Amino acid sequence: MIPLYWWLVVAAALFCIGLYGVLSRKNAIGVLMGIELMLNAVNVNLVAFWRYVTPQTLTGQVFAIFVITVAAAEAAVGLAIIIAAYRRRDTVIVDELDIMRW
Amino acid sequence: MEFFFNLVPLIPLIPLLAFAAIVLFTHRNNRLSSNIAIGGIALSTLVSWGVVLATILAGEHVQVEGWELPIPWLPTGTTVFNTGFAVDGFTAAMLFMVPFVCTMIFIYSQGYMNLGQPNQDPRYARFFAYISLFAAGMLGLVVADNLLLLFISWEVMGLCSYLLIGFWSFRDRDNEQHIDEAQVKRARAAALKAFITTRVGDVLLFSGLALLFSYTGTLTFREIFRPDMLEHLGSISLLGMPAVTVIALLAFGGAVGKSAQFPLHVWLPDAMEGPTPVSALIHAATMVAAGVYLVARMLPLFVAGFETANAPALQWVAVIGAITAFFGATIGLAQDDIKRVLAYSTISQLGYMMMGLGLGSLVAGIFHLLTHAFFKALLFLGSGSVIHGMEHGHHAAGAHGQTSQHDDGFSANDMKTMGGLRHKMPRTFWPYMAGTLALVGIVPFAGFWSKDEILAEAFQRWQESGALGLPFWVWLAGTLGALITALYMGRQIALVFWGEPRHEAATHAHESPNSMTGPLMVLAVFALIGGLANAPFLGSPLHHFMGGVHEASEVVHSATVSFNFAVAGLSTVVALLGLLGGWAIYRNYRAGEVEPFQRWLGPIFTLLRNKYYVDELYQLVIIRPVVWLADQVFNFDNRWVVDPLVNLVGAVGRAAADISLLFDKVAVDSGLVEGTAKAFNAFGGWLRQTQTGRVQNYLLVVAVTVLMLLGLYLYL
């Protein structure tokens, strides 16, 4: 069986890729996708710890499903905001969405 | 008839209201204003005469004890100032004379101030307001039952005399063509002189009143004159005298100022700068009579504690009166101004009144006051009429082109420019003669009876004492004064009415209007018959009427002096001699001549003409030092000490303020206040750079921070 830390390394890598995407992408959709990656990295962790540490209870799986649900809702809200911003501003580049800046 | 007593407060109130009405409402309407004034005083006269009649009919209980209307006026802590009105025989006698003479003068004023003429005085209405107030003051003084109201009225008169003597110092420079600047200056100086000189006396009077109030707690005549009160006052010793004598002398000081007695007589001749009706008002009915009235009213205080014959306060009154009577008359000999002669005559006659009072005879003094008021008002109004005629003559002469220049130093008052006016102004001349005969004391004119009573009083006192004491000198001064009075009046009527006109103005002079000559004739009647009020052959009615007013005090007694043919005969002879002598000497005086008195008397005449140099003496002894002192004080204040000190303090303050300002600007403002702000501003500006407003930057910071914290957690 694959040892636990392999899973953890994958998850950590996934999280770092997501974080990098969030911090460096100019496109708002890219930022949103980075967030999805980070959430999924967490899911990988949750499921991995369930399988290796507490296989008798379902808590890890249930948590993962909750996260997926929330992530779907978050993606929907985020995309809606982006579409609305695009309609108004003709752009989805986050640096240009700056009317709230001083 | 008792009803009339309730109207007594109205007597001074009506002229006062007239004054208020003119000042507040009608001063733009000259005719209405003068009519209000005349109506007011006439109404007041009617009420007064009603009161006089009621007093006569009421008999002794009013004439001696008096009718009273006390009014509690000012409660001041522990004491109450009472005021009120009182009428007794004395007051009634004054009430007969004062408002009536005032009325005559008011009517005369309407003509004198040229009502409706082109040369009508521009401040015509104001003049009538002032004289109404003047009359209100005198009437208030007469009906007062206490010294407080008396003093207030006294001061009202002082103010009015100032306003009226200086009446011509305010000229309407926009509407008058010929303003005599010298006259304006003289009027201003005369008004100030009158006010300040009488003020000297007023201060004395006021301190007397204060003293009296502090000892007795009351200023009401009836209470002061109670025998026990007088005894109490007499028992207190003050400055080595009984307090009552000190108070009496202080009050006499007030009377000396007001009644122009030596040595405070200097203001009265200068008061001639006022319009002539004012002179008549001051000299006859009001101002100067007030001083005599005060002494007469307070006679018990003068006598209290002594025999009448040797009361020191009373002796002072007699001495001052005698000096004034004699010296006033002598100065009158050498004056050229028709009104100044009369002014010195008034001073001298007031001296007679004081003599009478100083001998302890209330009736003699007041009788002369009453008759004098009538004939002196007559003489003044007559002289005003002459001056008026001369002024018109001067204008007429100017209009006919007979005077080369309009203003050739002509003075309408100068008797030496007059002459022969008896033909031009007969309706002025005859009343004037009546006034002259009354003043000189020719039987049966009023002055004869009253002056004679004073002289008889002195003569009898001399006979009683049997020595050449005070009564003798009083009598001698009185008799010599009578001679000189007759001389200067002879000189005056000869210069004014006889001889040839000595100036074009006299040639063209004409009679004054009826409103002026009418009062003259009325007054002439009184000058003729006024003496009957106390004529011995009628049983001295005035004596019985008012002689008893001071009986209640138990110190002043009224005794009738029997008619003395020797005294009367002597004074009549003296008067006739003087009058005829003066007339004969000056009858044919021609313009430009050195006048006879000057030829004969030489330096004495110069001395008299310069009024014994009393004014100069005052100038030297009082005014110069006072002005010098004031200068020094001024210098001390403004130049040397006080102002420099003040300036120094100011400068130091300014310097300190400058330093403080600098510190404030540099250290506080720029350093602390602005410095703090700038520092924070700069720091904020630098710090602001971290606030990019970009979520990704923030997130990066968060991520780095978390990593750092994690690193710290794991490896430390």
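Summary of values
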{"quantity": "Gain in span if fully extended, residue B:673 to residue B:203, counting 0.36 nm per residue against the direct Cα distance", "calculated": "162.7 nm"}
{"quantity": "Other protein chain Cβ atoms within 10 Å, averaged over every residue that makes up B:695-703", "calculated": "3"}
{"quantity": "Computed magnitude of the charge dipole of the range B:602-716 (debye, nearest 20; Cβ of K, R +1, Cβ of D, E -1)", "calculated": "400"}
{"quantity": "Counting all C-alpha pairs of the range B:298-388, share separated by more than 23 Å (%)", "calculated": "32"}
{"quantity": "Within the accessible area of the protein assembly as shown (1.4 Å probe), percent carbon and sulfur", "calculated": "68"}
{"quantity": "Against the rule of thumb 2.2 N^0.38 Å, how large the Cα Rg of the range B:615-716 comes out", "calculated": "2.98"}
{"quantity": "With DNA, RNA and ligands ignored, accessible area of residue A:35 (1.4 Å probe; Å², nearest 10)", "calculated": "50"}
{"quantity": "Å³ per residue enclosed by the Cα convex hull of the protein assembly as shown", "calculated": "379"}
{"quantity": "Calculated FRET value between residue B:238 and residue B:554, using beta carbons and R₀ = 22 Å, to 0.05", "calculated": "0.50"}
{"quantity": "Principal axis dimensions, largest first and in whole angstrom, of the range B:177-237 by Cα", "calculated": "64, 23, 14"}
{"quantity": "Residue-normalised accessible area of chain B, expressed per residue, 1.4 Å probe, Å²", "calculated": "42"}
{"quantity": "Residues in the range A:54-100 occluded by at least 30 Å² - accessible area, probe radius 1.4 Å, against chain by itself", "calculated": "A:95"}
{"quantity": "Residue-level accessible surface for residue B:316, protein heavy atoms, 1.4 Å, Å²", "calculated": "140"}
{"quantity": "Equivalent ellipsoid semi-axes, the range A:14-64, via Cα gyration tensor eigenvalues times 5, rooted, Å", "calculated": "29, 9, 4"}
{"quantity": "Axial C-alpha extent at least 27 Å, average Kyte-Doolittle at least -0.5 - helices from chain B (DSSP)", "calculated": "B:30-58, B:89-112, B:124-143, B:181-216, B:312-332, B:338-358, B:362-399, B:470-497, B:565-586, B:642-663, B:695-715"}
{"quantity": "Rounded tilt (10° steps) of A:28-52 against the dominant C-alpha axis of chain A", "calculated": "10"}
{"quantity": "Two-site label geometry, residue B:680 and residue B:192: point separation in nm, points 7 Å out along Cα→Cβ", "calculated": "6.8"}
{"quantity": "Residue B:31 accessible area, 1.4 Å probe, all protein chains in place, Å² to nearest 10", "calculated": "140"}
{"quantity": "Pairs beyond 18 Å (Cα-Cα), from B:339/B:376; B:376/B:416; B:339/B:451", "calculated": "B:376/B:416; B:339/B:451"}
{"quantity": "Fraction in percent of alpha-carbon pairs per bin - 10 Å, the range B:1-93", "calculated": "16, 34, 27, 19, 3"}
{"quantity": "For B:253-260, mean number of other protein chain Cβ atoms within 10 Å", "calculated": "0"}
{"quantity": "Per-q log10 I(q)/I(0), chain B, q = 0.10 Å⁻¹ (Debye; single scatterer per alpha-carbon; no solvent)", "calculated": "-0.96"}
{"quantity": "Charge tally in the Cβ shell below 14 Å around residue B:59, where Lys, Arg are +1 and Asp, Glu are -1, residue B:59 excluded", "calculated": "-4"}
{"quantity": "Highest-first arrangement of B:95-102, B:471-478, where packing means the average Cβ count within 10 Å", "calculated": "B:95-102, B:471-478"}
{"quantity": "Segment residue B:507-residue B:688, extension gain: residue separation times 0.36 nm, minus the distance between their alpha carbons", "calculated": "54.1 nm"}
{"quantity": "Between 0 and 90°, nearest 10: helix A:59-89 axis offset from chain A longest Cα axis", "calculated": "10"}
{"quantity": "Principal axis dimensions, the range A:4-97 - Cα atoms, whole angstrom, descending", "calculated": "52, 23, 9"}
{"quantity": "Relative contact order of chain B, defined on C-alpha pairs under 8 angstrom at six or more residues apart (%)", "calculated": "13"}
{"quantity": "Residue-averaged [θ]222 nm for chain B, counting only DSSP H segments that reach four residues, each worth -39500 (n - 2.57)", "calculated": "-22000 deg cm²/dmol"}
{"quantity": "Gyration tensor verdict on the range B:28-82 (Cα atoms; rounded if a/c is under 1.5, prolate if a/b is larger than b/c, oblate otherwise)", "calculated": "oblate"}
{"quantity": "Amide proton proximity set for residue B:81, modelled H, under 5 Å, gap of 5+", "calculated": "B:73, B:74, B:76"}
{"quantity": "Helix axis angle, A:4-24 relative to chain A longest principal axis, alpha carbon, degrees", "calculated": "10"}
{"quantity": "Two-decimal log10 I(q)/I(0) for the range B:211-331, as the Debye equation yields it once each C-alpha is a single scatterer, q = 0.10, 0.13 Å⁻¹", "calculated": "-0.36, -0.57"}
{"quantity": "Compactness of the range B:498-593 as Cα Rg over 2.2 N^0.38 Å, two decimals", "calculated": "1.72"}
{"quantity": "Accessible surface, 1.4 Å probe, highest first, among residues B:491, A:87, B:123", "calculated": "A:87, B:123, B:491"}
{"quantity": "Accessible area buried, both sides summed, chains A and B with 1.4 Å probe, Å²", "calculated": "800"}
{"quantity": "Accessible area per residue in Å² at 1.4 Å probe, computed on the range A:4-97", "calculated": "66"}
{"quantity": "Cross-link reach list, lysines versus residue B:665, counting only Cα pairs under 24 Å and skipping chain neighbours closer than eight places", "calculated": "B:678"}
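The values are calculated or read from the model by the stated rules, or taken from the named source; none is laboratory data. Please read all numbers here as calculations on a predicted model, not as lab measurements. As a convention, Cβ positions derive from the backbone with ideal geometry for all residues, glycine included, and neighbour counts pool all protein chains shown. In case anyone asks, the SASA skips ligands and DNA or RNA and just uses the protein heavy atoms, side chains included. Shrake-Rupley method; radii C 1.70, N 1.55, O 1.52, S 1.80 Å.
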